[in-house]
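The values are calculated or read from the model by the stated rules, or taken from the named source; none is laboratory data. Computed from a prediction, not measured in an experiment: that's the story for all the values here. Glycine gets a Cβ as well: all are built from the backbone with ideal geometry, and neighbour counts include every protein chain shown. Ligands, DNA and RNA are stripped out before the accessible areas are found, and what is left, the full protein with its side chains, is counted by its heavy atoms. Shrake-Rupley method; radii C 1.70, N 1.55, O 1.52, S 1.80 Å.
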2 protein chains.
Amino acid sequence: MNLKQLEVFLWVAELKGFTKAAKRLYMSQPAVSFQIQSLEELLGVKLFWRNEKNVILTEAGKLLFEQAKQIVAHSNKIKSVVNDLKELKTGSFTIGASTIPGEYVLPKLIGDFHRRFPGIQINVRIAGSAQVEAWLLNREIDLGLCGALISGKEIECLPFLTDRLVLIAPPDHRWKSGEEVKINDLIKEEFILRESGSGTRKTFEASLARSGISKEQLSVVMEMGSTRAIIGAVEAGLGISVVSFLAAREPLLLGLIKEITVHNLDLDRELYVIRDQSWMNNFAAEAFHDFIFTGSPDNQGPSANKIFTPVS
Amino acid sequence: MNLKQLEVFLWVAELKGFTKAAKRLYMSQPAVSFQIQSLEELLGVKLFWRNEKNVILTEAGKLLFEQAKQIVAHSNKIKSVVNDLKELKTGSFTIGASTIPGEYVLPKLIGDFHRRFPGIQINVRIAGSAQVEAWLLNREIDLGLCGALISGKEIECLPFLTDRLVLIAPPDHRWKSGEEVKINDLIKEEFILRESGSGTRKTFEASLARSGISKEQLSVVMEMGSTRAIIGAVEAGLGISVVSFLAAREPLLLGLIKEITVHNLDLDRELYVIRDQSWMNNFAAEAFHDFIFTGSPDNQGPSANKIFTPVS
DNA sequence: CACCTTGATAAAGATATTTTATTTATTTGT
DNA sequence: ACAAATAAATAAAATATCTTTATCAAGGTG
């Protein structure tokens, strides 16, 4: 059997005539006869009662008519369903993000994207950078947002946002807000930091190393797995810290903590979108990837991209 | 789109390989590649992620997989549904019958037929012979059972059962049960008869005419539309009548009425199956038509055919 | 590094479908 | 009733489509 046969059959039944169906289908009448005959032969029944002046469905024809309508409709629907996928009217993808981009960048991005493409379901996973990379290689996520790369051999990695780390201190710290201190002054302080291996910690230690200070010279009094918890600890006067500006912004504005500038210490760090080049493209994931750089058309890009210079 | 493409697609997806699908489908691997490519081109999406060692469905492929399974299953079902019709596992037809065959022959026939072909739905209409013929020409019924024909030009008409009319009288009538009376004796009697135009009445009048008695010579004291009602009236002593043996049999056996023989009066009459030759065949109706003559295989024909000589 | 498996591609060959031309049957208009 | 018209069937040629054989390229394996 064959969809062409069914389609021709439906039109012959609908228009009650081989010639009429042929015109409707832009084919010759013998071709219609041929399709109907081949279908009748296949099924072993006459489908039409050909007679004086009219062509009428037999019982088997009536039965087939109902079934064929459904099949042809269903097969046409396939095209539109696949098209919906291409046109981002439907679809889904999974994005993984490390904590800073996941908590401070992704929510707004997702919000804007969802407003633009309401039919797309987005699944989000948040964990450490290493886990995000593992998920990607494992093909459990379509895209990742993270602060640092580990292996990176098969992974496409594009910077999409420049974050910077800021030195924060409790409001009652002897350094004044906005004061510029020297790098060596840091050695005397007590630090509360994210665990080793976290993107933030690695960035900070790399910056110090560039300024000739080894990580062992710092006095780390506490390690915490959550940037928000660290900020809370700094607020409480337990020590000072270096955290992503993205996370510190609100407590800074509220005066719960203060920012200290360190002379000559470069604390900028890129945030990256990562993607497995060797894996297939998912329309929605690709659209989101583009969206990260271009932003929504009806909304001049995610706010994070405005605050920090977007990097193509 | 085309069912072949979908079928090949399903097997490639199922077996996760072009070569494996090719073997399963008894075709060459390039033919499989061709079908998948043409489908991908048609839909404008990649359906498989072809890679080292494995072939994996893309998102669009997964979507298509679900739809294609249904379509292919549905199209396969068509063949079996049509086959059920051919094999009389399903189907329906409408039969019309005049009162005598409809009430005394058809019930048993239908019962036997239904036992033999339980999937077939039978619709029955009962009315006068003229109405049955009109229904047939109007194509409202597939078959008809009746006692007499009117036009008959386009109608195939086969006798399937010989009925005979019997003269019945009340138990207390002066004629004795089984007594043979002369035709002229009938003129002195008071008759209760079916209406003019009914098969029974026409047969009776035609028989009388053959014996030289015109219908005006009879004294008809009552006309009734129902044979059963006539028998009741005869029981009650309102007169005598001539009715189908089929209808009179039970009251005769119970002694509620008695049968009188009329010397030299031929009251046999055929019952006919009628069919419109110029109309299409319905599998179930045709099977029933055959069944009327051959009877059920597991049940030596309908009892009516045993009591009266069946006529081929 | 030779060898095997898997899918893609090209070109020839085989099928299937469509068209043009014609036939048959029936209907319609005069 | 007879020519013209309409509708479907059929035959043969033309075309389109699908399949195969042969071959290639890439990746994995012993």
Considering region B:18-30 alone, what residues qualify as being within 13 Å of DNA strand D (Cβ to nearest atom) and on the phi < 0 side of the Ramachandran plot?
B:PHE18, B:THR19, B:ALA21, B:ALA22, B:LYS23, B:ARG24, B:LEU25, B:MET27, B:SER28, B:GLN29, B:PRO30
Expected output for region A:28-43 (first residue more than 12 Å from A:VAL12 (Cβ to Cβ), partner open to solvent by less than 80 Å² (accessible area, probe 1.4 Å) and near DNA strand C (Cβ under 9 Å from one of its atoms), Cβ below 8 Å, 6+ apart or cross-chain) is A:SER28/A:ALA22; A:SER38/A:GLN5; A:LEU42/A:GLN5
For region A:38-59, enumerate the residues that are within 15 Å of B:SER75 (Cα to Cα), touching a Leu at 6+ places or on another chain (Cβ under 8 Å) and at the interface with chain B (Cβ under 9 Å from one of its Cβ atoms).
A:LEU43
Hey, among the residues in region B:120-132 that are of a type outside the set (A, V, I, L, M) and touching a strand residue (DSSP E or B) at 6+ places or on another chain (Cβ under 7 Å), which one's nearest to B:LEU271 (Cα to Cα)?
B:SER129
I'm trying to understand the selection: among the residues of region A:63-80, which are facing another protein chain (nearest Cβ under 7 Å) and without any contact (Cβ under 8 Å) to a residue 40 or more places away in the chain?
A:LEU63, A:GLN67, A:GLN70, A:HIS74, A:ILE78, A:LYS79
Just need a number here: residues in region B:164-178 that are of a type in the set (D, E, K, R) and either under 11 Å from B:VAL242 (Cα atoms) or surrounded by 14 or more Cβ atoms within 10 Å (Cβ to Cβ) (or both).
1
Restricting to region B:199-217, what's the tally of residues that are within 21 Å of B:ALA130 (Cα to Cα), surrounded by fewer than 19 Cβ atoms within 10 Å (Cβ to Cβ) and either free of Cβ contacts under 8 Å to residues at least 12 places away in the same chain or not assigned by TED's automatic domain parsing to the domain that holds B:ILE187 (or both)?
3
Region A:62-163: strands (runs of 3 or more DSSP E) wholly inside it with 3 or more residues that are open to solvent by less than 10 Å² (accessible area, probe 1.4 Å) and within 30 Å of A:SER226 (Cα to Cα) are A:91-97, A:143-146
